[in-house]
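Below: one structure, written as structure tokens.
The values are calculated or read from the model by the stated rules, or taken from the named source; none is laboratory data. Here the structure is a predicted model, which means the values were calculated and not measured. Note: ideal-geometry Cβ built from the backbone for every residue, glycine included; neighbour counts use all protein chains shown. When the accessible area is computed, the model is the full protein with side chains, heavy atoms only, and any ligands, DNA or RNA have been set aside. Shrake-Rupley method; radii C 1.70, N 1.55, O 1.52, S 1.80 Å.
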Amino acid sequence: MVLISGKIRKLLVDGGLATLQDWRQARERGGNLLETLISEGKFTPDALLDSLSRASNLPPVELSRVQPDPSALTTISVETCLEHVLLPVSLNRQVLTIVVSDPFDVLLLDDLRRRTGCQIQQILSHPAEIKQAIENAFNAGTKQVEELIQEVSGVADLELHVEEEVAELDIALGSGDDAPAVKLVNMLLVRALKAKASDIHIEPLDRGIAVRFRVDGRLDLVMSPPKALLPAINSRLKILAQLDIAERFAPQDGKFQIRYEGRQIDFRLSILPVVGGEKAVMRILDTGSLSMRIDSMGYEPVSLLHIKEAIKAPYGMLLITGPTGSGKSTTLYSCVKEVATPEVNVTTVEDPVEYRMDGVNQVAVNPKRGMTFAGALRSILRQDPDVVLVGEIRDGETADIAIKAALTGHLVLSTLHTNDAASTVTRLVDMGVDPFMVSSSLLCIGAQRLGRKLCEGCRQPVELPEEKLLKLGFLESDLEGRELFGPNPKGCVRCNLGYKGRFAVLETMFFEEELRRMIVEGASVHDLKRKAIKQGMLSLRRVGILNALRGRTSLEEILRITLGDE
């Protein structure tokens with residue numbers, strides 16, 4: 001039974017709307033006293049609102065014309081709203097406006113201020129309207145998501161997902177909940193895996209949610225659920241990743257794992273507070289890609305030869321560079337797979353550990369506990385390693401320790417964020433590493449990008465002027481009897497707007513005596529690159545052109561991911 005403050009009883013009795021006897025009899029019947037008195041005809045809802053409004057100096061509102069703000073609905077649970085017959089309708093700069101039927105419940109107001117961290121502003125309505133508005137507001141998300149799931153997947157397809165695939169997800173995640181947010185999250189994971197997406201973006205808009213998948217490097221909008229579901233979706237993801245669901249104003253990172261079609265799939269979750277709520281991004285890490293051997297990665301023969309020679313060396317450093325999402329980790333893991341044998345002690349330090357590998361000692365960076373790249377690397381070198389993988393060289397201290405390890409009998413594999421192989425040398429020098437130590441330790445530097453592959457089922461031949469092709473980096477010998485292809489802008493049932501899948505574009509700078517001497521002498525990036533090309537290095541642009549000539553990708557894709565050599 002909802003408690004009604006004594007002030008309302010006195011107000012109704014003194015105003016002649018009800019007697020004490022009416023009040024006692026309504027209390028004996030149970031339920032909401034005001035609703036009971038209204039249903040018995042003691043007074044009308046308008047008379048009640050008028051009396052309460054004059055006594056409390058608060059305005060009444062017609063709830064049927066009010067659209068609650070989704071962000072306000074997230075501040076108070078539906079159970080609290082039903083228990084106290086109230087509804088949050090607006091949230092503006094930490095001022096929460098709620099509709100109440102009892103404006104004199106001071107203890108409730110204090111409790112709401114403490115729970116929400118907001119100043120409370122009240123407006124009035126009668127109980128029946130508030131209850132109906134609560135049902136409409138909180139059930140809208142459930143109805144919309146059910147319609148959304150059916151619209152996206154189809155009824156028959158949805159049953160298959162729920163019974164077979166999503167059920168398997170629920171077993172792995174330890175959840176049997178049928179809440180809309182749980183269903184929607186499960187469906188998003190399944191759809192992303194089927195689409196072979198690398199990332200899932202869930203971001204708040206003014207009046208909804210944008211869910212986007214990154215497929216083959218391209219972000220595409222896949223659905224727009226109601227914004228009222230955003231807090232529940234983010235809470236579900238935080239629970240899966242074992243994050244703090246009460247924290248909404250600080251970034252959080254975590255990970256979780258599911259089982260899908262017999263494979264273990266890792267998801268790396270990042271939560272970032274943005275205007276309008278929290279944005280969630282999940283990186284999908286499929287351990288299936290780890291099974292690729294370096295011979296099957298599709299590198300140019302000369303680049304593959306450079307990589308293999310580097311990882312066969314007893315000591316020295318192999319660096320793979322490129323932007324985030326360029327496949328550096330996959331390349332390094334393939335290298336580790338090539339050298340990891342029972343006779344070789346391989347140890348890694350990563351942030352985070354993206355893939356688990358048997359027979360490899362993997363250390364996760366944890367700065368909060370003092371486990372940094374540099375600190376972990378110092379300890380690893382006391383563990384008698386043969387091969388050390390450093391997830392990323394981020395500062396001068398880590399670079400210095402890694403290079404000293406490469407000079408003292410260890411094979412060191414790592415990544416660095418630079419634009420090409422030659423600029424990696426100057427980046428290390430800028431970090432404070434002595435040029436002589438850089439030249440003495442480096443075996444090979446690879447710069448990598450990921451390009452989209454043309455769909456072989458619908459690609460189209462294209463014709464371009466020879467002058468333009470030569471200006472872009474083609475050789476005259478490239479143009480004899482060769483045909484270039486481009487994407488079909490409409491695509492087909494097997495591809496995404498003319499592209500399907502991605503491949504690695506890799507340039508490798510292998511260090512021989514003359515390049516080492518140039519580093520010590522302080523040669524520029526351009527001089528190092530020109531010398532490496534003369535010695536047989538294939539630049540990113542050149543590797544891209546070779547793939548375009550084979551019909552593997554389009555020229556426009558190569559121009560998108562690479563720069564010219566001049």
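Some notes on this structure:
- Net lengthening on full extension, residue 249/residue 524 (0.36 nm per residue, minus Cα-Cα): 94.5 nm
- Separation of alpha-carbon centers, segment 271-336 and segment 477-528, rounded to whole Å: 16 Å
- Top positive-direction residue, dipole computed over the chain with Cβ charges, set 331, 112, 410: 410
- For the chain, the dipole from Cβ point charges (+1 on Lys and Arg, -1 on Asp and Glu) about the Cα centre works out to 500 debye, to the nearest 20.
- Separation in nanometres of the label points that stand 7 Å from Cα toward Cβ, at residue 46 and residue 369: 6.8 nm
- The calculated FRET efficiency for residue 466 paired with residue 274, based on their beta-carbon distance and R0 = 45 Å, is about 0.40.
- Signed unit charges on C-beta, dipole axis of the chain, positive-most listed residue 49, 433, 192: 433
- From most to least packed by mean Cβ count within 10 Å, the peptides 459-465, 375-381, 60-66, 400-406 give 400-406, 375-381, 60-66, 459-465.
- Helix runs (DSSP H) in the chain reaching 27 Å along axis by Cα, Kyte-Doolittle at least -0.5: 127-153
- Taking 493, 363 and ordering them by how much accessible surface each has at a 1.4 Å probe, largest first, produces 493, 363.
- Accessible-area value, residue 96, 1.4 Å probe, nucleic acids and ligands omitted, Å²: 0 Å²
- Within the same chain, lysines fewer than 8 places from residue 183 are excluded, and of the rest, those with a Cα less than 28 Å from its Cα are 131, 143, 194, 196, 227, 238, 255, 279.
- Inter-label distance, nm, simple model (7 Å from Cα along the C-beta direction), residue 517/residue 560: 4.4 nm
- Rounded accessible area per residue of the chain, 1.4 Å, Å²: 49 Å²
- Distance between the modelled labels on residue 7 and residue 78, one decimal in nanometres: 3.1 nm (7 Å Cα→Cβ projection).
- Computed E for residue 312/residue 135 - FRET, C-beta separation, R0 45 angstrom, nearest 0.05: 0.05
- Neighbours of residue 11 by Cβ distance under 12 Å: Lys/Arg scored +1, Asp/Glu scored -1, total +1.
- Portion, in percent, of the accessible area of segment 254-369 that falls on carbon or sulfur, probe 1.4 Å: 53 percent
- Amide N proximity, segment 536-560 versus residue 475 label position 7 Å along Cα-to-Cβ, cut-off under 12 Å: 536-539, 542-543, 546
- Once the C-beta distance of residue 295 and residue 242 is scaled by a Förster radius of 30 Å, the resulting FRET efficiency is 0.20 to the nearest 0.05.
- Each of 280, 226, 251 was placed along the dipole of segment 226-289 (beta-carbon charges, centred on the mean Cα), and the one lying farthest toward the positive end is 226.
- Cys residues of the chain that find no other Cys beta carbon under 4.7 Å: 81, 118, 335, 444.
- Here the relative contact order of segment 275-359, from alpha carbon pairs under 8 Å that lie six or more residues apart, stands at 34 percent.
- Check: segment 190-240 dipole with +1 on Lys, Arg Cβ and -1 on Asp, Glu Cβ, in debye: 160 debye
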